[in-house]
Amino acid sequence: MTSKLSSPPSQAEVLTEQTIYLAVKDLELMLFGSEVPTEAIFAGYQNDISLPAGSNEYVVNTIISHIDHGTPCVDYELNPDTQEMRAVVSKLEEVVVQVDCYSDFPEKARIRCLSLAAITRTTPIVDFMQQYGLSSLYAGQPRNTTVVVDAEKYVQRWTTEIHLSFTHRVALDVDSFDAVKVVIANVDVRFPPKQ
């Protein structure tokens, strides 16, 4: 019998922030077309970047929350590399991405945000997100969050939150048998009845 309970996870499927940002950006590029170019879609305020000069037609996506749901599930499977058993722990995770649509024109910012919130709840977008290992759940209500930006003037901003989910998996090595010796014995001979 081998014991590997103290070993680190033998495998972990981690969905990175880069994958989440890429999925949301690709969705926005598909939806907004040439109105918002690739270089005008930014991954989070935390990246310490300046907002674009000369145009206020841009989008900022920011991961604002990770939420655990339910109890982890444990399945046992054979590790194909070592031929030993491992426990695969699966946990449903929800990630919330805040999307801020900016524009010089109030209607453009609002329509972009509203369109994104509307399609996030549809089957085609659930299918679209599968290629990134994500599932699209829903979006929050769009709201006006107009702000003063670098140019010290008001820029129209509309905000929504996209709720996505994914399954986080960790495979752990566990105690397992690597051989079994079978001995056939007559029960009455091996364990004689008491007189």
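The values are calculated or read from the model by the stated rules, or taken from the named source; none is laboratory data. Keep in mind it's a predicted model, so treat the numbers as computed, not measured. For neighbour counting, all protein chains shown are included, and Cβ atoms are generated from backbone atoms with ideal geometry for every residue, glycine included. Heads up: the accessible areas ignore ligands, DNA and RNA and are worked out on the full protein's heavy atoms, side chains in. Shrake-Rupley method; radii C 1.70, N 1.55, O 1.52, S 1.80 Å.
Taking every Cα-Cα distance in the range 122-195 and sorting them into 5 Å bins starting at zero, the pair-distance distribution P(r) comes out as 3, 10, 9, 9, 7, 8, 8, 7, 5, 4, 4, 5, 5, 4, 3, 3, 2, 2, 2, 1, 0 percent. Under a no-solvent Debye model with one identical scatterer per Cα of the chain, what's log10 I(q)/I(0) at q = 0.12, 0.14, 0.19 Å⁻¹? Values returned for q = 0.12, 0.14, 0.19 Å⁻¹ are -0.71, -0.85, -1.23. Farthest towards the positive end of the charge dipole of the range 90-195, among the residues T146, W158, V95, is the Cα of V95, using unit charges on the Cβ of Lys, Arg, Asp and Glu. With contributions of -39500 (n - 2.57) from each DSSP H run of at least four residues, the per-residue ellipticity at 222 nm computed over the chain stands at -6500 deg cm²/dmol. Counting only protein heavy atoms and a 1.4 Å probe, the range 29-147 has 53 square angstrom of accessible area per residue.
Using the empirical formula 2.2 N^0.38 Å as the baseline, the Cα radius of gyration of the range 72-173 reaches a ratio of 1.57. Couplings 3J(HN,Hα) for the range 185-192, derived from phi with the Karplus relation 6.51 cos²θ - 1.76 cosθ + 1.60 (θ = phi - 60°), are 9, 6, 4, 5, 6, 5, 10, x Hz, where x marks Gly and Pro. Dividing the radius of gyration of the alpha carbons in the range 71-118 by their Kirkwood radius gives 1.47 for Rg/Rh. Pop out the carbon and sulfur fraction of the accessible area of the range 24-158 as a percent, whole number, probe 1.4 Å. Solvent-exposed carbon and sulfur of the range 24-158 make up 54 percent of the total. In nm, to one decimal, how far is the Q18 label point from the V126 one, both placed 7 Å along Cα→Cβ? For Q18 paired with V126, the spin-label model returns 3.0 nm. The Rg/Rh ratio for the range 99-157 is 1.11, where Rg is the radius of gyration of the alpha carbons and Rh is the Kirkwood radius.
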